[in-house]
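Trainee: This is the structure, below, for whatever I ask next.
The values are calculated or read from the model by the stated rules, or taken from the named source; none is laboratory data. Owing to the predicted nature of the structure, the values given are computational and were not obtained by experimental measurement. Quick reminder, even Gly has a Cβ in these numbers, built from the backbone with ideal geometry, and neighbours come from all protein chains shown. Accessible surface is based on the protein model in full, side chains and every heavy atom, while ligands, DNA and RNA are left aside. Shrake-Rupley method; radii C 1.70, N 1.55, O 1.52, S 1.80 Å.
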Amino acid sequence: MTKIGKQTWGYTKPVYIQSTGTAVGPLEGQGPLKDTFDKVYSELHCNEDNWELAERRLMLDAVNQSLQKAGVDQRNIDLFLAGDLLNQNVTGNYVARHLGIPLIGMFGACSTSMETLATGAALISSGYAKHAIAAVSSHNATAERQFRYPTEYGGQKPKTATYTVTGSGAALLSSKPSAVKVEAATIGKVMDYGITDPFDMGSAMAPAAWDTIKTHLEDMGRVPNDYDVIATGDLSAVGSPIVRDMLKDDGYNISEVHKDCGLLIYHSEQPVFSGGSGCACSAVVTYGKLLNGLKDGTYKRILVVATGALMSPMMLQQKESIPGIAHAVVLAKEEGYE
Amino acid sequence: MPGFNSKEYKKTSQGYHPKPPYFINALKAFVVGGLICVLGELLSEMYIHWFGFKEKDAGDPTVATLILLAALATGFGVYDRLGQFAGAGSAVPVTGFANSITSAALEHKSEGLVLGVATNLFKLAGSVIVFGVVAAYVLGVIRFTWQALF
């Protein structure tokens, strides 16, 4: 491991993504990326009795998919790094109960996808694990209950709101060479610019994404066009132009390469307000569409910047604002592998 | 924090928000709220003409029926969509109150009848009841004092 610049990790011993698994709910399965997911449920309950069980089903499916594709026995996995949006990280914890793999539970709101991937890669690179699985999940109904109102409550949401993605993504990491290499990661600072509206998380998270992308480019001595894609997690239609403009003020033009997972995952006419959000948003888009792009050579190198709104309904009631965080991971095509 | 200026950022970020269609929203709320009231009026007439209720008493079964309909619509997953469309139009009438209670009950069914449903039933509607009772009490005291003095 080497530290590069202020906040960036370089993986001296290379780490690769062996396989990924994704499982999603109905609305995601009707979206433009429907063919890139491993498993699509046609109903939000995913054949389970309640929403929390449904979310666990999704994560277990994603993990099992990644194990199957890599052909690795789960007894050979040294670490399971998992996180979700629910109190006490229940989805990760209860899925780990089934798996029998040592667990590191992580929380970074919707940035957990890249937080688990970056940390898992660091632990493999430094020799603390041979195989690790990084997994995250979110579910629209469990998130609504946790952060907002009961799912069937008839409150009206503004257009700046985002729609929590139902799904889970898992990535199996090891140092065995494969098509996708985890090249570097930039761990983000908590940034709070005073946004208090829980229906405007794009604005709340944009400063964190700005800071992480800027720091990453400075640390690595790169320009935006060194990447084929810079994908933010869930800034939505509101936060995306903010981060582009903030970076433009610093002399970085990311407009040509910037995409937002929250805007990629749904058709614009789907009822999702300003786009998708949640841990699963960046995970299922990265571990599906973006990784496919690296494998087939469409992309050579991408930067995934998972953004998280560290929101707590109780803190908001105490008149606090919403802090944001963003973690970035560089994924690169390893030539000679598919 | 460098460059941290929350007031300025809040203002800047507002510029990126899609403009809320205030007029259309108000119109939708007006029409849907009005239609719910028309339905209530029709029910009331029905109870008067077909079931022999006096005009004074027809309100009770009318409200009960509206509550039942709203609860059913909530259970079938329709009321939240109506709420997104109509806003205050479907939130203000008694049907909105019924929706807030039914949706909370449905949501917390998985935690059991006592600690789940019963405890959380008035999670959203509770504040309405508290302020309703407090306001009624305050007004009652004012009226009593007024009558005693004049």
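The rows are residues; the columns are (1) at positive phi; (2) of a type in the set (Lys, Arg); (3) within 13 Å of chain B (Cβ to nearest Cβ); (4) part of a loop (DSSP other than H, G, I, E, B).
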{"position": "A:161", "(1), (2), (3), (4)": "no, no, yes, yes"}
{"position": "A:181", "(1), (2), (3), (4)": "no, yes, no, no"}
{"position": "A:196", "(1), (2), (3), (4)": "no, no, yes, yes"}
{"position": "A:212", "(1), (2), (3), (4)": "no, no, no, no"}
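Trainee: Please verify whether residue B:92 is within 14 Å of chain A (Cβ to nearest Cβ) and under 21 Å from the mean Cα position of the chain (by Cα), treating the condition exactly as stated.
Mentor: It is true that residue B:92 is within 14 Å of chain A (Cβ to nearest Cβ) and under 21 Å from the mean Cα position of the chain (by Cα).
Trainee: Please state which of the following conditions residue A:237 fails to meet, knowing it meets all the rest: (1) open to solvent by 10 Å² or more (accessible area, probe 1.4 Å); (2) out of contact with any helix residue (DSSP H, G or I) (no Cβ under 8 Å at 6 or more places or on another chain); (3) at pLDDT 95 or above; (4) within 13 Å of chain B (Cβ to nearest Cβ).
Mentor: So the condition that residue A:237 fails would be (2).
Trainee: Go through the residues of region A:248-270 one by one and say whether even a single one is within 14 Å of another protein chain (Cβ to nearest Cβ) and in a strand (DSSP E or B).
Mentor: Scanning region A:248-270, I find at least one residue that is within 14 Å of another protein chain (Cβ to nearest Cβ) and in a strand (DSSP E or B), so the answer is yes.
Trainee: Just checking, how many residues over region B:13-35 are charged (D, E, K, R) and over 30 Å from residue A:246 (Cα atoms)?
Mentor: Going residue by residue through region B:13-35, those that are charged (D, E, K, R) are B:19, B:28.
If we keep only those that are over 30 Å from residue A:246 (Cα atoms) too, we end up with B:28.
Final tally of qualifying residues: 1.
Trainee: Next up: Do any strands (runs of 3 or more DSSP E) lying entirely in region A:74-150 carry at least 1 residues that are in contact with a Lys or Arg (Cβ under 6 Å, 6 or more places away or on another chain), and which ones are they?
Mentor: It comes to none.
Trainee: Let me ask another. Hey, among the residues in region B:16-71 that are charged (D, E, K, R) and within 20 Å of the chain's Cα centre (by Cα), which one's surrounded by the most Cβ atoms within 10 Å (Cβ to Cβ)? Explain how you work it out, then say what you get.
Mentor: In the first step, residues of region B:16-71 are kept if they are charged (D, E, K, R); the result is B:19, B:28, B:41, B:45, B:54-57, B:60.
Now narrow it down to the ones that are within 20 Å of the chain's Cα centre (by Cα): B:28, B:41, B:60.
On the way: B:28: 18, B:41: 11, B:60: 11.
Within region B:16-71, the match that is surrounded by the most Cβ atoms within 10 Å (Cβ to Cβ) is B:28.
Trainee: Let me ask something additional. Just the residues that are within 14 Å of chain B (Cβ to nearest Cβ), surrounded by fewer than 21 Cβ atoms within 10 Å (Cβ to Cβ) and either in contact (Cβ under 8 Å) with a residue 40 or more places away in the chain or assigned to a helix (DSSP H, G or I) (or both), please, taken from region A:50-69.
Mentor: Passing the criteria: A:52, A:53.
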